[in-house]
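A quick write-up on the structure given underneath.
FYI, it's all coordinate maths here, none of it is from the lab. Just so it is clear, the structure is predicted and the values come from calculations on it, not from any experiment. FYI the Cβ positions are ideal-geometry reconstructions off the backbone, even for glycines, and counts take in every protein chain you see.
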Amino acid sequence: MNKLKQMNADQYKDRNYQNTRSLRNWTMAWTLSMAIAAFAPKYLWDFNIIISMAAIIISLVFGVGMLLSNRRYLRGLDEMQQRIMYDAMGLSLGVGLVVGLTYDLLEDIKLISFQPEIAHLVIIMCLTYLGGIIAGHRKFQ
Amino acid sequence: MKNRLKVLRAERDWTQAQLASALEVSRQTINAIEKGKFDPSLPLAFKAARLFDMAIEDIFQDEH
């Protein structure tokens, strides 16, 4: 038990908690900046080019911050959690590619009458990622 | 790969959470290793060996 006490017992939990909180904050900031960049030009500043460009740049900066935070989060996970995440990401990327191209093809060959939306693909990828994470946790339970 | 992690932990009266903290992994990972559902990497296996003051092969054995 002495050996356990000698070690910084909560190091993994603490680091994980900090990384998760950081990722949450960056994701919220990016989502908010995207919403501002998407809707504010119409409702707040009447498509002023300078302000719109500033909003886009701010959104990109927050996006990069979120990506770096996500990388730090993933690197902070232990090896099994990392494997679950990477498996889920691989699945999500594959499904996104196959479903995305097929979805686009449907419109090209007139099987659907509406324009394919990128948002639909993002939703599919998010759901696949979530499903992959749940399946990964169940696999190692 | 078989391992004696559960037995060694029980002999020392450690919980999965305590062992997880000492090895800097999650409790779920310790549980998966003990059940043989996840094979640890060499660095993690060495870390466990150092913690238990044992050789790696005394904790982890190849099933083949």
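Once both labels are modelled 7 Å past Cα along the beta-carbon direction, what's the A:TYR17-A:ILE51 spacing in nm?
Distance between the two pseudo-spin positions: 4.2 nm.
Using the basic label-point model (7 angstrom from Cα toward the beta carbon), what is the B:ASP53 to A:TYR86 distance in nanometres?
Output for this residue pair reads 3.5 nm.
For B:20-27, what's the mean count of beta carbons from other chains sitting within 10 Å of each residue's beta carbon? If you can, show how the numbers build up before the last one.
Working: counts 4, 8, 9, 4, 10, 6, 8, 2.
Mean partner-chain Cβ count within 10 Å for B:20-27: 6.
Output wanted: per-residue J couplings in Hz (rounded whole) for segment A:19-29, from phi through Karplus 6.51 cos²θ - 1.76 cosθ + 1.60, θ = phi - 60°, x for Gly and Pro.
5, 5, 5, 4, 4, 4, 5, 5, 5, 5, 4
Compute the angle between helix A:79-108 and the longest alpha-carbon principal axis of chain A, please, reported from 0 to 90 degrees and rounded to the nearest 10.
Helix A:79-108 and the main axis of chain A meet at about 10 degrees.
So which GluC sites (Glu not before Pro) in chain B end up in coil per DSSP with only 13 or fewer other C-beta atoms within 10 Å?
On the way: sites: B:GLU11, B:GLU24, B:GLU34, B:GLU57, B:GLU63; in loops: B:GLU24, B:GLU63.
Here the GluC sites (Glu not before Pro) that fit, given the DSSP loop and packing criteria, are B:GLU63.
What is the helix-to-structure angle for A:49-76, meaning the angle in degrees between its Cα long axis and the longest Cα principal axis of chain A, kept from 0 to 90 and rounded to the nearest 10?
30 degrees
Counting other C-beta atoms within 10 Å, and keeping those with at most 10, which DSSP coil chymotrypsin sites (Phe, Trp or Tyr not before Pro) do you find in segment A:85-127? Present the calculation step by step, with values, prior to reporting the outcome.
On the way: sites: A:TYR86, A:TYR103, A:PHE114; in loops: A:PHE114.
Listed in order of number, the matching sites are A:PHE114.
Would you mind computing, in nm to one decimal, how far apart the modelled labels at A:LYS42 and A:LEU60 are, each placed 7 Å from Cα along Cα→Cβ?
2.3 nm
Calculated FRET efficiency, A:LEU111 and A:ALA135, Cβ-Cβ r, R0 35 Å, to nearest 0.05?
Numbers: r = 30 Å, r/R0 = 0.87.
The computed FRET efficiency comes out at 0.70.
Out of every Cα-Cα pair in chain A, what percent are more than 23 Å apart?
Values: 5546 of 9870 pairs.
Value for chain A: 56 percent of Cα pairs lie more than 23 Å apart.
Using r as the Cβ-Cβ distance of B:MET1 and A:LEU93, and R0 as 30 Å, what FRET efficiency do you calculate, to the nearest 0.05?
Values: r = 30 Å, r/R0 = 0.98.
Efficiency at R0 = 30 Å is approximately 0.50.
Quick one: which residues, 5+ away or cross-chain, put their amide H under 5 Å from the amide H of B:ASN3? H built at 1.01 Å from N.
Amide H neighbours of B:ASN3, under 5 Å, 5+ apart: B:GLN61.
What trypsin sites (Lys or Arg not before Pro) does segment A:92-141 have in DSSP loop regions with at most 16 other beta carbons within 10 Å?
Details: sites: A:LYS110, A:ARG138, A:LYS139; in loops: A:LYS110.
The qualifying sites are A:LYS110.
Rounded to the nearest 500 deg cm²/dmol, what is the calculated helix-only ellipticity per residue at 222 nm for chain B, with -39500 (n - 2.57) per DSSP H run of length n ≥ 4? List each step's numbers first, then the result.
Details: 5 runs with 38 residues, N = 64.
Counting only the DSSP helices, I get -15500 deg cm²/dmol.
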